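The values are calculated or read from the model by the stated rules, or taken from the named source; none is laboratory data. Treat the numbers as computed from the prediction; the structure is a model and nothing was measured. Methodologically, a virtual Cβ is constructed for each residue, glycine included, from the backbone with ideal geometry; neighbour enumeration extends over all protein chains shown. Only protein heavy atoms, including side chains, enter the accessible area calculation; ligands, DNA and RNA are left aside. Shrake-Rupley method; radii C 1.70, N 1.55, O 1.52, S 1.80 Å.
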Amino acid sequence: MREYDLVVIGAGPGGYEAALEAAGVYGMKTALIEKEALGGTCLNHGCIPTKTLLHSAELFHQMKECSVFGLDAEGVSFDMERIQNRKAEVVDTLRSGIAAMMKQKKVEVISGSGRILDSHSVEVQGEEKRILDTEYILIATGSRAFVPPIPGAGLKHVVTSDELLEKRDGLYGHLVIIGGGVIGMEFASVYRAFGSEVTVIEALPKIISNMDRELSQSLKMLMKKRGVGIITGASVTEIREEGEGLVCEYREKDQTSAVSCDGVLICVGRRPFTEGLFGPDVSVEMDRGRIVTDENGCTSMPGVYAAGDVCGGIMLAHAATAMGRNAVAHMYACMKPEDAQRVSERRIADHVIPGCIYTDPEIASVGLTPEQAKTQGIDAASRKIVMSANGKTVLTGGERGFIKVVYEKQTEKILGAVMMCARASDLIGEFADAVVNGLTLSDMGRVVRPHPSFSEGITEVCRQGGL
Ligand code: NAI
């Protein structure tokens, strides 16, 4: 008998959800090690704080534009200190919720840094040093922001999203954002809504380049309409101080240009975090910094699993949770082969991961884009509706949005969807369901959805076209 069935290292959405599932669903004796706060990047420095700021930014923007709804609001202003206090309250509430769930499911939370000594031993360096004896280990240590070696990247007011999320003393008047990916576009949305000048510099020819082309074009148009400067195909070569502010120099084709600002956000991707994780003579197979795993989350070291950002690939909270839960299910099935069939029925379809960008309006996608279907040799087609005739969109004064569904021509099976509209992050779940469960356009189109609602757009796009 070992002290624990499972020791999880890292309490982000990959680790803490896996620990809860292990203890709550499978009755495994579980310990969860965390060196900072429960909730990981998502809760403490990522999704939740960003979305809380976005919510304040959107309300502020709506209040300023409220005359179209027959309302008057004078002297609308914001106070960053109070917005930050509310953000801290939201994070605290959710963190306490996680702590309560750990207690309820009898997961032992241990504060400190975990280091793997061998397949069954984890050393914790906390207030005191402990060695935990365990059957299985799950690594869920996440990622951290990557800062490229641009001269001037270490200057004051050149920050990553971690620091920008904590800024209490007002906003930068002009923020230059290096990287037009997910983080870049969400911060562009927040800063612009609060009235700052924003310039995004993206190295590739388009922003949010891994998403559907039409989404990228639509977002660029919308952001430009709101006054966000977007420079694509340009690489920042240097950041330097000039007077009270900063100058960001960039190269676009053969030309060098510069933009003055008072703050620079660097968001050019994140890298898996494994620092200090392995004891002497311990290693697992890695590929360019990421831990290599199979479809069950097994690493090259027997009994040691990994889930989430530390494995590279799709670095999203819900992807990490799915991977962590599947890893735990696999461990349990190894411990109790007689339950393997029932466990495999619970397996999460972690090959279909929706992605969302919480701009205003929201952007969401799942499954294949038309270009990806073509590359995979699938005979696919797509249909699109614009949301401008959708009742809920009109009555809420929504921006012009759209829903596009991608399907296999012959069977009309849904392969993917992309959308840019209010509540896209909620609506995309319907298409994730369709892709995972092999639903067709008719399956989706014969469902009655409430009126008025944004979800009517789904019925409309699926019923479009003749017999
Ligand atoms: P990202 O990979 O989404 O975008 C980085 C962008 O920076 C890319 O478009 C890239 O071409 C560009 N870039 C790279 N080097 C550059 C340079 N030197 N100059 C100009 N542009 C350059 O990474 P991001 O936005 O930092 O996000 C990190 C991770 O966090 C992603 O995996 C993302 O999915 C995740 N995340 C997800 C959120 C969500 O689901 N809503 C929110 C925030 C983060």
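Tabulated data
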quantity: Entirely in the stretch 42-125, the strands (runs of 3 or more DSSP E) that have 3 or more residues that are open to solvent by less than 20 Å² (accessible area, probe 1.4 Å); calculated: 121-125
quantity: First in the stretch 309-338 and basic (Lys, Arg), second anywhere and surrounded by fewer than 21 Cβ atoms within 10 Å (Cβ to Cβ), Cβ under 6 Å, 6 or more apart; calculated: ARG325/ILE348
quantity: Filter pass, MET323 being more than 24 Å from the chain's Cα centre (by Cα), assigned by TED's automatic domain parsing to the domain that holds CYS42 and among the hydrophobic types (A, V, I, L, M, F, W, C); calculated: no
quantity: Yes/no for SER143 being touching a residue at least 40 places away in the same chain (Cβ under 8 Å), within 16 Å of the ligand (Cβ to nearest atom), touching a Pro at 6+ places or on another chain (Cβ under 8 Å) and of a type in the set (Gly, Ala, Ser); calculated: yes
quantity: Among the residues listed as SER260, SER235, the single one being outside the structural domain of GLY40 (by TED's automatic domain parsing), more than 16 Å from the ligand (Cβ to nearest atom) and touching a strand residue (DSSP E or B) at 6+ places or on another chain (Cβ under 8 Å); calculated: SER260
quantity: Any hit, the stretch 131-143, residues being crowded, with 16+ Cβ neighbours inside 10 Å, in contact with a Cys (Cβ under 8 Å, 6 or more places away or on another chain) and of a type in the set (Gly, Ala, Ser); calculated: no
quantity: Number of positions in the stretch 290-310 that are open to solvent by 10 Å² or more (accessible area, probe 1.4 Å) and either under 20 Å from the mean Cα position of the chain (by Cα) or aliphatic (A, V, I, L, M) (or both); calculated: 4
quantity: Evaluation of ASN210 against (1) open to solvent by 50 Å² or more (accessible area, probe 1.4 Å); (2) part of a loop (DSSP other than H, G, I, E, B); (3) in the same structural domain as ARG86 (by TED's automatic domain parsing) (one fails), failing number; calculated: (3)
quantity: Of residues in the stretch 185-218 being aliphatic (A, V, I, L, M) and within 11 Å of ILE231 (Cβ to Cβ), the one farthest from the ligand (Cβ to nearest atom); calculated: VAL200
quantity: Subset tally (residues that are open to solvent by 30 Å² or more (accessible area, probe 1.4 Å), of a type in the set (A, V, I, L, M) and touching a helix residue (DSSP H, G or I) at 6+ places or on another chain (Cβ under 8 Å)) for the stretch 381-412; calculated: 1
quantity: Flag if VAL386 is more than 16 Å from the ligand (Cβ to nearest atom), more than 25 Å from the chain's Cα centre (by Cα), among the aliphatic types (A, V, I, L, M) and over 30 Å from CYS42 (Cα atoms); calculated: yes
quantity: Filter pass, GLY152 being at pLDDT 95 or above, surrounded by 15 or more Cβ atoms within 10 Å (Cβ to Cβ) and not assigned by TED's automatic domain parsing to the domain that holds TYR332; calculated: yes
quantity: Single match in TYR26, TYR16 (criterion: of a type outside the set (A, V, I, L, M, F, W, C), buried (at least 18 other Cβ atoms within 10 Å of the Cβ), assigned to a loop (DSSP other than H, G, I, E, B) and at pLDDT 95 or above); calculated: TYR26
quantity: Residues that are assigned to a loop (DSSP other than H, G, I, E, B) and either buried (at least 20 other Cβ atoms within 10 Å of the Cβ) or not charged (D, E, K, R) (or both), drawn from the stretch 447-463; calculated: VAL447, VAL448, PRO450, HIS451, PRO452, SER453, PHE454, SER455
quantity: Extreme residue, nearest to the ligand (Cβ to nearest atom), among residues of the stretch 166-181 that are of a type in the set (A, V, I, L, M, F, W, C) and at pLDDT 95 or above; calculated: ILE178
quantity: Matching option when the condition is among the acidic types (Asp, Glu), in contact with a strand residue (DSSP E or B) (Cβ under 8 Å, 6 or more places away or on another chain) and either touching a residue at least 40 places away in the same chain (Cβ under 8 Å) or outside the structural domain of LEU43 (by TED's automatic domain parsing) (or both), among GLU166, GLU242; calculated: GLU242
